[in-house]
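Student: Before we start, here is the structure in question, set down as structure tokens.
The values are calculated or read from the model by the stated rules, or taken from the named source; none is laboratory data. Predicted model, so just to flag it, every value in this text is computed and none were measured. Note that we place each Cβ from the backbone using ideal geometry, even for glycine, and neighbour counts take in every protein chain shown. When the accessible area is computed, the model is the full protein with side chains, heavy atoms only, and any ligands, DNA or RNA have been set aside. Shrake-Rupley method; radii C 1.70, N 1.55, O 1.52, S 1.80 Å.
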Amino acid sequence: MKTRQILIILFVAVLIISGCREISVTTQVHGDGSFTRIIRITGDSSSVFEGNLPYPVDSTWEQVLLKDTSGGLKDGEDYILTYTKRFEGGEELMTQIMQDTSWRKQLGRQITVTSRFGFFYSFLTFRETFQAMNPFTFLPYEEYLGPDDLLWLTGQKTVNSPSDSSRFDAVEEKAETYIVASATAELEQILEDGIKRLNDPSLLPEEVTRFHDSIQRFVEEWEFDQPEKLIDYFRDWTGNPAIYNLLKLNPPLLGDFTKKVSAFNNLILLETYPETVEMPGLITETNSMMLKGNQVSWEIQPLTLMFQPYEMVVESRVVNKWAFVVTGIILLLLIFVLIVKAVKK
């Protein structure tokens, strides 16, 4: 799998993009269920203003640009741009996300902050969920990836040693194998269906399976900038010019598949960023592997969002001071009544 071009090309692009700037997202949850979201971009004067941010920003966000003069940032990262906005609840942020005009609108996200009352304490829960984004689901991923593999891919298991690194590399290769196999199987089905639609006696659907290895190599090389390339190759493999009639089909034979390729490329090119949530009170439960005081963090990266819904959840316990005050007053009144009764007796 290391010789495959599919992720070599895309991950090189990721390194180029990530080298230009660093992004972090922080959510400060308040006791009333509202929250403040902060997007921080560090980079040079041009990269900090590039679009394609984790969440859409508009004129309603407070914007602050600072130039670093302390020398504390890495070379080339001279500016810190911060966007800040307070939201009354998850629905308000979801409304803004739905107005996003970038490809990120395709990310299935759900954000909620809920409160559970317990008199002396209230329990606040922040939950953000990303739906699985791999578009190549023609084959079931469970046949290639086991439960333990998914723990590595979603960051629930982290690399802490050379053996862990080797294990993660092996899981990553299994994920690549699945994506290539699923995309290949889908392409073969598309070609077979297209040939059936043509109803040309000179073209046989079963011919497609003869060129399975060639189609798989086409997928591995990720030559999808021009879908008709596959038809050209298939014509060369079969020697039958009638193959070109596949390009005349309406709707276009590879139209939906090309959209899936675009969605996959966008996902792979997603800039990795940490998302931190600051909770009021004492954190009582979370699925984060990074806990510090009243903060928890997750790392959002392409493989995290690939195969399963990815959920970030944290719960904290907040003291209701008024409840203690009310209870104290009631106890004092009760004591007063008992003393009055005792004096009368």
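Student: Scan segment 215-245 for residues that are surrounded by 13 or more Cβ atoms within 10 Å (Cβ to Cβ) and assigned to a helix (DSSP H, G or I) and report the count.
Tutor: Count: 21.
Student: Say whether the condition of being of a type outside the set (A, V, I, L, M, F, W, C), open to solvent by 60 Å² or more (accessible area, probe 1.4 Å) and at pLDDT 85 or above is met by at least one residue in segment 71-82.
Tutor: no
Student: For residues in segment 30-41 being open to solvent by less than 10 Å² (accessible area, probe 1.4 Å), not in a loop (DSSP other than H, G, I, E, B) and not aromatic (Phe, Trp, Tyr), which is nearest to Lys321 (Cα to Cα)?
Tutor: Per the criteria, the residue is Arg37.
Student: Checking Ala342 against (1) outside any loop (DSSP other than H, G, I, E, B); (2) open to solvent by less than 50 Å² (accessible area, probe 1.4 Å), which test does it fail?
Tutor: Ala342 satisfies all of (1) outside any loop (DSSP other than H, G, I, E, B); (2) open to solvent by less than 50 Å² (accessible area, probe 1.4 Å) except (2).
Student: For segment 96-115, enumerate the residues that are outside any helix (DSSP H, G or I) and either acidic (Asp, Glu) or open to solvent by 70 Å² or more (accessible area, probe 1.4 Å) (or both). Spell out how you get there, then give the answer.
Tutor: Pass one, segment 96-115, residues outside any helix (DSSP H, G or I): 99-102, 107-115.
If the condition is that a residue be outside any helix (DSSP H, G or I) and either acidic (Asp, Glu) or open to solvent by 70 Å² or more (accessible area, probe 1.4 Å) (or both), then Gln99, Asp100, Thr101, Gln110, Thr114, Ser115 are the ones that fit.
Student: Select from segment 59-70 the residues that are over 15 Å from Val25 (Cβ atoms), part of a loop (DSSP other than H, G, I, E, B) and at pLDDT 90 or above and list them in ascending order.
Tutor: Hits for segment 59-70 are Ser59, Thr60.
Student: Looking only at strands (runs of 3 or more DSSP E) that lie completely in segment 263-319, which have at least 2 residues being farther than 23 Å from Met133 by Cβ and of a type outside the set (S, T, N, Q)?
Tutor: Passing ranges, in order: 282-286, 290-292, 310-319.
Student: Do we find that Ile283 is farther than 30 Å from Gln189 by Cβ, crowded, with 17+ Cβ neighbours inside 10 Å and more than 16 Å from the chain's Cα centre (by Cα) in this structure?
Tutor: Yes, satisfied.
Student: Considering only segment 301-339, state which residues are of a type in the set (Phe, Trp, Tyr) and open to solvent by 30 Å² or more (accessible area, probe 1.4 Å).
Tutor: Hits for segment 301-339 are Trp322, Phe324, Phe336.
Student: Can you tell me which residue in segment 288-300 is nearest to Val319 (Cα to Cα), limited to those that are touching a residue at least 60 places away in the same chain (Cβ under 8 Å) and open to solvent by less than 60 Å² (accessible area, probe 1.4 Å)?
Tutor: Residues of segment 288-300 that are touching a residue at least 60 places away in the same chain (Cβ under 8 Å), as a first pass: 289, 298-300.
From what's left, open to solvent by less than 60 Å² (accessible area, probe 1.4 Å): 298, 300.
Values: Trp298: 26, Ile300: 31 Å.
Out of the qualifying residues, it is Trp298.
Student: Could you run through segment 184-214 and say how many residues are in a helix (DSSP H, G or I) and closer than 20 Å to Asn250 by Cα?
Tutor: Of the residues in segment 184-214, 13 are in a helix (DSSP H, G or I) and closer than 20 Å to Asn250 by Cα.
Student: A follow-up question, please. Starting from residues that are assigned to a helix (DSSP H, G or I) and either among the β-branched types (Val, Ile, Thr) or touching an Asp or Glu at 6+ places or on another chain (Cβ under 7 Å) (or both), keep the ones in segment 153-183 and report whichever is surrounded by the most Cβ atoms within 10 Å (Cβ to Cβ).
Tutor: First, the residues of segment 153-183 that are assigned to a helix (DSSP H, G or I): 153, 162-183.
When the remaining residues are screened for being either among the β-branched types (Val, Ile, Thr) or touching an Asp or Glu at 6+ places or on another chain (Cβ under 7 Å) (or both), the result is 171, 174, 177, 179-180.
Details: Val171: 20, Lys174: 18, Thr177: 14, Ile179: 24, Val180: 20.
Applying the filter and picking the extreme gives Ile179.
Student: Using beta carbons and a limit of 7 Å, which pairs, at least six apart or on different chains, have the first residue in segment 32-55 and under 19 Å from Trp103 (Cα atoms) and the second one part of a loop (DSSP other than H, G, I, E, B) and small (Gly, Ala, Ser)?
Tutor: Gly51/Ser102; Asn52/Ser102
Student: Quick check, is Ile330 touching a Leu at 6+ places or on another chain (Cβ under 9 Å) and either within 20 Å of Gln28 (Cβ to Cβ) or among the β-branched types (Val, Ile, Thr) (or both)?
Tutor: Numbers: touching a Leu at 6+ places or on another chain (Cβ under 9 Å): no; either within 20 Å of Gln28 (Cβ to Cβ) or among the β-branched types (Val, Ile, Thr) (or both): yes.
No; evaluated as a whole, the condition is false for this residue.
Student: What is the residue count in segment 246-257 for residues that are open to solvent by 50 Å² or more (accessible area, probe 1.4 Å) and not in a loop (DSSP other than H, G, I, E, B)?
Tutor: Result for segment 246-257: 3.
Student: Within the group Leu124, Leu93, Leu150, Leu139, which residue is under 26 Å from Leu282 (Cα atoms), open to solvent by less than 70 Å² (accessible area, probe 1.4 Å), at pLDDT 90 or above and not in a strand (DSSP E or B)?
Tutor: Only one candidate passes the filter, namely Leu93.
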